[in-house]
Each structure stands twice: as structure tokens, then as C-alpha cells.
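A short reminder: the numbers here are calculations on the coordinates, not readings from a lab. Treat the numbers as computed from the prediction; the structure is a model and nothing was measured. Using ideal geometry, Cβ is built from the backbone for each residue, glycine included, and neighbour counts are taken over all protein chains shown.
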Amino acid sequence: MASSLARSVRITNAKEFAYIFKKGRHSQSKFWKIVTSKTEYSFSRLGLAISKKEYRRAVDRNHLKRLARETFRVNQDSLGQLNYVVMAKKAQSINNIEMTNDLLSLMKKAINRSNS
């Protein structure tokens, strides 16, 4: 598998974001908020919405985006057929391992909720 996300796996269209925010299920944890919805594709897709209000520095926003993309890419096969929109909550410090584990557990919880 390639080390980057294919264009087909990324959610980039504003209409898709709006639909997912309106119809999706919202979940949150200590570091992340996610909105999930079923997808018509046979694979999961990822959209990122890291707010400038929460993280003023572009360096921090880009770091969080890389962290979320890598977590998604590595676990993509086990994430089911869902659209994920990931948003970061304000944190005092960014600990990669803790934030990655937190996002992964939140995604797994979303899968369990969608199956029930």
C-alpha cells in the first residue's frame, strides 16, 4: 500500500462536509471530535477540519493533520465503510502516542455504533 492517501479516500468537497455534519453521528474524546456517516463506497474516507480558533499556529494544525492522516492510513482496512470528519479539540500539549491512541479508540467506537 502507498504511504499517502489516495484522492478517492479524502473528503474535500464542501457539500460532502455539509452533508456529513448534518446527517452524521457526533462523538468526542479528550483530544478529538469526529463525525461519522455511512458511505456508498466500499472503503472508508477521511476529511479533516482543524480549526484556526483552536490552534493558531499553522505548524500545530499541520502536525495534527499529519497525525490524523497517518492514524487513518495505517488502520484504514479495519475502519469499515464510514466517512470520518476529524476535528481537534484544544489541548495543552501534543503527545503523539496518546493522541493517536485516543483517535483510534474513537474511530473504533464509531464503528461499533454504526454496526448496532
Inset, instruction - Please identify the pairs in which a residue from the range 95-116 that is touching a residue at least 60 places away in the same chain (Cβ under 8 Å) and closer than 17 Å to LEU46 by Cα has its Cβ atom under 6 Å from the Cβ atom of a residue that is surrounded by 12 or more Cβ atoms within 10 Å (Cβ to Cβ) and of a type in the set (S, T, N, Q), counting only partners at least 6 apart or on another chain. - result: ASP102/SER29; LEU103/THR71; LEU106/SER27; LEU106/SER29; ALA110/SER27; ALA110/THR36
Legend entry - Answer residue from the range 36-93, given it is closer than 21 Å to SER114 by Cβ, hydroxyl-bearing (Ser, Thr, Tyr) and surrounded by fewer than 15 Cβ atoms within 10 Å (Cβ to Cβ) and is nearest to the chain's Cα centre (by Cα) among those: SER78
Inset, instruction - Output the qualifying pairs, or none if there are none: Cβ atoms under 7 angstrom, residues six or more apart or on different chains, first residue in the range 54-76 and of a type in the set (A, V, I, L, M, F, W, C), second residue in a helix (DSSP H, G or I) and exposed (fewer than 15 other Cβ atoms within 10 Å of the Cβ). - result: LEU67/ASN96
Legend entry - Residues of the range 6-26 that turn out to be more than 16 Å from ASN75 (Cβ to Cβ) and in contact (Cβ under 8 Å) with a residue 40 or more places away in the chain, as a count: 7
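If only one of VAL59, VAL86 is hydrophobic (A, V, I, L, M, F, W, C) and assigned to a helix (DSSP H, G or I), which one is it? Spell out how you get there, then give the answer.
Details: VAL86 fails: assigned to a helix (DSSP H, G or I).
Testing whether each residue is hydrophobic (A, V, I, L, M, F, W, C) and assigned to a helix (DSSP H, G or I) leaves just VAL59.
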Legend entry - Qualifying positions in the range 17-43 - touching a helix residue (DSSP H, G or I) at 6+ places or on another chain (Cβ under 9 Å) and either aliphatic (A, V, I, L, M) or farther than 15 Å from LEU103 by Cα (or both): ARG25, ILE34, VAL35, SER37, LYS38, TYR41, PHE43
Inset, instruction - Residue by residue through the range 1-35, note down the ones that are in a loop (DSSP other than H, G, I, E, B), β-branched (Val, Ile, Thr) and surrounded by 11 or more Cβ atoms within 10 Å (Cβ to Cβ). - result: ILE11
